[in-house]
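The block underneath contains the structure these notes are about, expressed in C-alpha cells.
What follows draws every value from the coordinates through simple rules; no lab data is involved. Remember, it's a predicted structure, so these values are computed and weren't measured experimentally. Every residue, glycine among them, receives a Cβ derived from its backbone with ideal geometry; neighbour counts consider all protein chains shown.
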Amino acid sequence: MDQRTPPGVAAFALMVVLCSIWGFQQVTIKIAGAGISPVLQAGLRSAIALLLLLAWARWRRLPLTQHDGTLRYGLLAGLLFALEFVFIYLGLSYTTASRMIVVLYTAPCFTVLGLHLCVAGEAMRWRHFAGIALAFAGIVLAFAGGSGSRPDAWIGDLLGLLAALGWAATTVLIRATPLAGISATKVLFYQLAVSTLVMLPLSPLIGESGVGRLSAPVLLALAYQGVIVAFASYLAWFWLLTRYLTARLSVFSFLTPLFGVAFGVVLLGDRLTPGFIAAVVCVSTGIVLVNLPGQRRGDSGR
C-alpha cells in the first residue's frame, strides 16, 4: 500500500530550494573549470559525494554491499551516470551554463518516451506527446538561434543533449530492472562509485591538464558540487520521494532550468536572445506536461 501523501508547504519550499541548488550547479562547474579540468572535476565531485555517502550509510547502518542480484544493473547505471556527467562537464567547456541546463532538462521528456517503450503500464498520453513535442521545439529553437559567441559552441549544446539522453536512459534502466526494488541510497552508491572509478582515470587518458591554479572560488565551487549537490540534495530528493506523491513533486522540475538561466545571466553574463527565451519556455512547458499528476513515479534529480 502506498503511504505517500500530497506534499504540503514545507515540501514545496524544499523542492524550490532543491531546484535552485541544481540550477546553480552549472555555474559552479564553470567557476571550478578555471582551476580543474572538466572530467577530473566531475570525478572529484563523485568521489567527494561517495565518501560522504559511505559515512552516512555507516552512521545509519544502511546495507550497501549485500547480494541482491542488482550488481550488473548497478554497474550499467553507474556507467550511464558517468557518461552523462562527462558530457555535461565537457560541454560546459564550449557552451554557456544557461544553454547547457535548458538542453539538459529535456531529459524528463526523453524519459517518458523511454518508459513508454520499455516499461509496462507507462503508456504515453496526449500531454506526454505534447510535452515531448514542445521540448523538441525548444531544442530546435536553441540550436537555430545560435549558440553564443563561440563558433564551436554548438558542440557544447550537442554534448548537453547527449547528457540528457544519458540521464533518461539511466532513469529507464532503474525503473525497468531490479534496481527499482532496492533503496535509493544503494542506487546512488552504484552511480557515485562507478562514476568515480571511470572518470578519475579517464581524465589523464584523454590528455587533460588536471589541476591548475586552485583559488578559493575554485575549491568552494568543487565543494558545492560534491557536498551540496551530489550528496545532500540527492538524499533530500530521495527523502521526499519516500514520503510524498512523486508526480506532485516532479512538476517542480521546470524551475531548475529557469533558475539555471537566471544564475547564468546574472553571475556569468550569459546572453539572452528572443529565440533562446522561446526555447526556455518550450522546454519548461514540456517538463510540466510530462510531469503532471498521473505518473506513478518520478526520476532522480540532477
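Whole-Hz Karplus values for the stretch 85-92 come out as 7, 4, 5, 5, 5, 5, x, 6 Hz, taken residue by residue from phi with 6.51 cos²θ - 1.76 cosθ + 1.60 and θ = phi - 60°; glycine and proline positions read x. Annotation: amide H-H contacts under 5 Å for TYR244 (H modelled 1.01 Å from N, sequence separation of 5 or more, or interchain): THR5.
Contact order normalised by length for the chain, with contacts defined as Cα pairs under 8 Å and 6 or more residues apart; what percent is it?
40
For the peptides 223-232, 160-169, 91-100, residues were scored by their other Cβ atoms within 10 Å and the scores averaged per peptide; the highest-first order is 91-100, 160-169, 223-232. Cβ crowding within 10 Å ranks VAL266, VAL119, VAL16, VAL218 as VAL266, VAL16, VAL119, VAL218, fewest other Cβ atoms first.
The 3J(HN,Hα) values that the Karplus relation (6.51, -1.76, 1.60; θ = phi - 60°) gives for the stretch 173-183 are, in residue order, 4, 5, 6, 9, 10, x, 4, 5, x, 10, 5 Hz. Gly and Pro appear as x.
The dipole here belongs to the stretch 9-291: it is taken about the Cα centre, uses +1 on the Cβ of Lys and Arg and -1 on the Cβ of Asp and Glu, and is about 540 debye.
With the simple spin-label model, which puts each label point 7 Å out from Cα in the Cβ direction, the LEU220 to VAL281 separation comes to 3.6 nm.
Let's test the formula: R0 of 45 Å, r as the Cβ-Cβ distance of ALA144 and LEU75. What FRET efficiency results, to the nearest 0.05?
Working: r = 39 Å, r/R0 = 0.86.
FRET efficiency, ALA144 to LEU75: 0.70.
The ranking of MET124, MET199 from fewest to most other beta carbons within 10 Å of each one's beta carbon is MET124, MET199.
For ILE36, the residues whose modelled amide H falls within less than 5 Å of its own, excluding neighbours fewer than 5 places apart on the same chain, are GLY212.
Annotation for the stretch 1-88: trypsin sites (Lys or Arg not before Pro) lying in DSSP loop with at most 11 further Cβ atoms inside 10 Å of their Cβ are ARG61.
If you filter the stretch 180-259 for trypsin sites (Lys or Arg not before Pro), then keep DSSP loop positions with at most 16 other Cβ within 10 Å, what is left?
Numbers: sites: LYS186, ARG213, ARG243, ARG248; in loops: ARG213.
The qualifying sites are ARG213.
Quick check on the exposure proxy: order HIS116, HIS128, HIS67 from fewest to most C-beta atoms within 10 angstrom. It would help to have the intermediate numbers written out before the result.
On the way: HIS116 16, HIS128 23, HIS67 6.
Final ranking by Cβ density, sparse to dense: HIS67, HIS116, HIS128.
Computed extension length for VAL17-HIS116: 32.6 nm, one decimal, from 0.36 nm per residue of separation with the Cα-Cα distance subtracted. Which of GLN191, VAL17, TYR73 sits closest to the plus end of the dipole of the chain, meaning its Cα is farthest towards the positive end, when Lys and Arg get +1 and Asp and Glu get -1 on the C-beta? With unit charges placed on the Cβ atoms, the residue in question is VAL17.
Taking a point 7 Å from the Cα of ALA34 along the Cα-to-Cβ direction, the residues of the stretch 84-122 with backbone N closer than 16 Å to it are 93, 97. Estimated from helical segments only, the mean residue ellipticity of the chain at 222 nm is -23000 deg cm²/dmol, where each DSSP H run of four or more residues counts as -39500 (n - 2.57). Between LEU272 and ARG125, the simple label model (points 7 Å from Cα in the Cβ direction) yields a spacing of 3.2 nm.
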